[in-house]
Amino acid sequence: MSIPETLTVPEAMEKLHCSKSFLYALIREGKLRSYSIGGKRLIDAESLARLFR
């Protein structure tokens, strides 16, 4: 099993040039996959890249 590449919320916001609320809306809509580990939200880098395809 491989560990997916992830970004923190601030890193993902910087990549998308968006607000935190917009980023969380993408997560709620299922357009971005995220993981919560120890109270920290991590964004799946592959799902972020898919937004641009």
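The values are calculated or read from the model by the stated rules, or taken from the named source; none is laboratory data. Quantities reported herein were computed from a predicted structural model and do not represent experimental measurements. A quick note on method: Cβ atoms are made from the backbone with ideal geometry, for glycine too, and the neighbour counts reach across all protein chains shown. Ligands, DNA and RNA are stripped out before the accessible areas are found, and what is left, the full protein with its side chains, is counted by its heavy atoms. Shrake-Rupley method; radii C 1.70, N 1.55, O 1.52, S 1.80 Å.
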Leaving ligands, DNA and RNA out of it, report the carbon-plus-sulfur percent of the accessible area of the chain at a 1.4 Å probe.
55 percent
Amide hydrogen neighbours beyond the local backbone of S34, cut-off 5 Å, H modeled:
D44
Looking at the chain, which chymotrypsin sites (Phe, Trp or Tyr not before Pro) are in a loop (DSSP not H, G, I, E or B) and have at most 13 other Cβ atoms within 10 Å?
F52
Along the stretch 34-42, Karplus-curve 3J(HN,Hα) (6.51, -1.76, 1.60; θ = phi - 60°) to the nearest Hz, with x for Gly and Pro, reads 9, 10, 10, 10, x, x, 9, 8, 10
Regression test value, accessible area per residue of the chain, probe 1.4 Å, units Å², expected 74 Å²
Roughly how many debye, to the nearest 20, is the charge dipole of the chain about its Cα centre, given +1 on each Lys and Arg Cβ, -1 on each Asp and Glu Cβ, and no other charges?
160 debye
For the stretch 4-53, what class follows from the C-alpha gyration tensor (a ≥ b ≥ c being the square roots of its eigenvalues): rounded when a/c is under 1.5, otherwise prolate if a/b is larger than b/c, else oblate?
rounded
With a cut-off of at most 16 other beta carbons within 10 Å, and DSSP calling the residue loop, which GluC sites (Glu not before Pro) in the chain qualify? Please list them.
E5, E29
Which residues' amide hydrogens lie under 5 Å from the amide hydrogen of T6, considering only partners 5 or more residues apart or on another chain, with H built in the peptide plane?
A45
